[in-house]
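Structure record follows, encoded as structure tokens.
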Amino acid sequence: MAHPRDCREPPTRRADERTASEIPEGAVADASERERRSVARRVASDLLRVKRVRASPSQRALLREATVAVFLAATGLVATGLATTSCATNEDPRELTASKKRDGGPEGTTPNGAAAALPEGAFDYAAGVALLPFDVRLAKVARVAGLPIDDPALAQLRARRFELGDHDFSIGVRPDSSWSVSRIGAWVKALKPVCASPVMRHRYPSLPQNLDAFVLAAYGREATNDDRAAMTEAVSALDAESKHELVCLAVLSSLEFVSR
Amino acid sequence: MTGRRCAPPAALALAVSAAALVAQACGGVPEDRTNRRNTAPVDGAEADTTEGFAASDVRAYMRQLAPYFVSRELEPTELAKIDAARFAAIAPMLETWSKESGFPRAARRLIAQKLSVSGNRDGIDFDLPGNLAEHLVRSNLPLSELLTADYCVDASGSKRACDSGAPFQAGVLTTRAFMVSRASRFNLTRASTMLDAFACRSYPMPEAVEPRLSRSRLIPMFQVDDESGDAGLEKDTFGNGSACYSCHGQFGAHAQLFVRFDETGLYRADATGLQDPNGELGRATNGLFASHMLSADEARGDGSQMFGSKVRNLSEAAKVLATSPSFVSCQVTNLLEYALRLPRTTELAPEVLEEISASARKKGDPTFASLVVETFSHPRIVAAVANGLRGAP
């Protein structure tokens, strides 16, 4: 890729971030101080995680690259060499936003050894990025691709619903909103028939040339220059067929598409 | 409103989103926009807090909601409406969403997750609660019918008889799905889930909300607490400590409503509510669960109390619950948790919940749609979320 990134780079705290202890007094009403702080930490814990995925361009780039690397592994395109400058394919992209030092240093430290000033409990990534409910993701894929929900192209997604986080409480399967490497891989594989479907091809004949329309449908917003640049760079070395597939998989597997 | 500037910098993100919801003195309106107004009253009148929302804020806000309510992203026409009308676009758009085919599924999703019910097993249809929720939305019926419907709904959306065999009905509460998924000793989980999901309350509650049963009506283990010595009882530290009566004085009333439903969710008129002498504590014989009540007559009965009102059975209790002030505000809370992924521990400003509930009640018993519209078009909700989402792509 044109801009290889050191995946071991620990995330830096944005200048405009605050810890839970910095949340203004009075932010949480009618609670004891201890409870208030506890609530604030929990809120910060949950919500800062979302923000870190959404708000920081550098972190988004990291996640995008990690995700692309997983696509490459899942789609067999790793042989093209595109993955060599991306994050390791076995690296959980969620961890790219974790506070732990990734070069062997103790957790909670920066490369300089300084303690990371992060909210207590804010980086428990057990709940990490939260996927949209499975049926919502399925409906979104169908809509973007222009397929009915029962179309054969979606059969793999439907068949792997539990692997992809769906629930059936009657048999003890709870919703699982985690976005693990294995789940990304399963999602990507299940998406391949969708990306290859004639309807999809008709709707978006050439990707990334039709990226604007695709992004608008998939994300509900206009494509940005960053979107275009990142995608064009990522697939520049591929043939047209591979480009189409990879762009399709990348967008429909991106955090922006599968999570909120 | 005091006008105190406690609205957070944008960077505090969603952590402050929640804080903005609970900040009593501030409107939660972002302060870093020079064209935004303070929410302090001006000459006794509330300032308009809605003009300051930028189109980008509203876009981010509606993008957050769309997948959860209509299982899709925003359409170009919707983006254009937002750009043109900003905050004013929100309520009409939510109204439009409420008529989409995907909207009722949001209600199903919410109730299925709240009660942990879905699927089919052992001949029990765990989708009945979700079916009912979806039916209420499709038919534009009050959400309170989740608790008061005297029918169930099958997978095709048609009404059908419910499955517990009880001679009374209480919406989702009298489905086997609810009964089985929440079966536990003394019926504690059934009672606590009912209170949590539909009143957003937990034990112990203020005495004013639910007066405790008198100690003498309860089995001895639930009579004790720190003050039990005052009643001539031996102090005890059984179970979770020394305050059994504090919670079980109220638990007992609600758990009694379920005493005739066995662990498979079937109604058993022959239930005794008495502890199985050879069984685990809290279990009666034949797959039933023990009552809190001391007297054999009370222990086997359907009757009890709900929020201080005497009721003959679970159906009447559910009606009290559905018409209580806490029902609507609790459903608002549930909506916020569902669509914003707010932690259950987030404290929401009571006046915001009250404003939303009052608005929703203006047109009668609130529906799921009216609650969604009123909740997610409230300026403080919008501000709180938009604050946190700023910076999203």
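Here, each number is a calculation from the coordinates, and none is a lab measurement. Since this is a predicted model, take the numbers as computed values, not measurements. Glycine also receives a Cβ, built like all others from the backbone with ideal geometry; neighbour counts cover every protein chain displayed.
Quick notes
- Ordering of B:297-306, B:154-163 by packing is B:297-306, B:154-163, highest average first (other Cβ atoms within 10 Å, averaged per residue).
- Cross-link pairs beyond the 29 Å C-alpha cut-off, checked among A:K243/B:K99; B:K81/B:K363; B:K99/B:K310: A:K243/B:K99; B:K99/B:K310
- Between B:T323 and B:S214, the distance separating the two model label sites (each 7 Å from Cα on the Cα→Cβ line) works out to 2.7 nm.
- Test item: Cα-centred dipole of segment B:252-322, Lys/Arg +1 and Asp/Glu -1 on Cβ, debye: 260
- Projected label points at B:T77 and A:A237, each 7 Å from Cα along the beta carbon direction, are separated by 4.5 nanometres.
- For segment B:288-393, average projected area of the Cα convex hull in nm²: 9.8
- Number of partner chain Cβ atoms within 10 Å, mean per residue of B:345-356: 3
- Relative contact order [Cα under 8 Å, 6+ residues apart], segment B:67-156, whole percent: 22
- A Förster radius of 51 Å, combined with the Cβ-Cβ distance separating B:L281 from B:S156, puts the computed FRET efficiency at roughly 0.75.
- Given A:K140/A:K189; A:K140/B:K362; A:K189/B:K114, the pairs whose alpha carbons are separated by over 26 Å: A:K140/B:K362; A:K189/B:K114
- Kirkwood radius for segment B:292-346, taken over all pairs of different Cα atoms as the inverse mean of 1/r, rounds to 13.4 Å.
- For segment A:154-227, the pair-distance distribution built from all alpha carbon pairs, in bins 10 Å wide starting at 0, is 17, 34, 35, 12, 2 percent.
- For the peptides B:343-352, B:166-175, the ranking by mean Cβ contacts within 10 Å, running from highest to lowest, is B:166-175, B:343-352.
- Neighbouring Cβ atoms from other chains, within 10 Å of the Cβ of residues in B:65-76, number 6 on average.
- Rounded to the nearest 20, the size of the Cβ-charge dipole of segment B:97-233 about its Cα centre is 420 debye, with Lys and Arg at +1 and Asp and Glu at -1.
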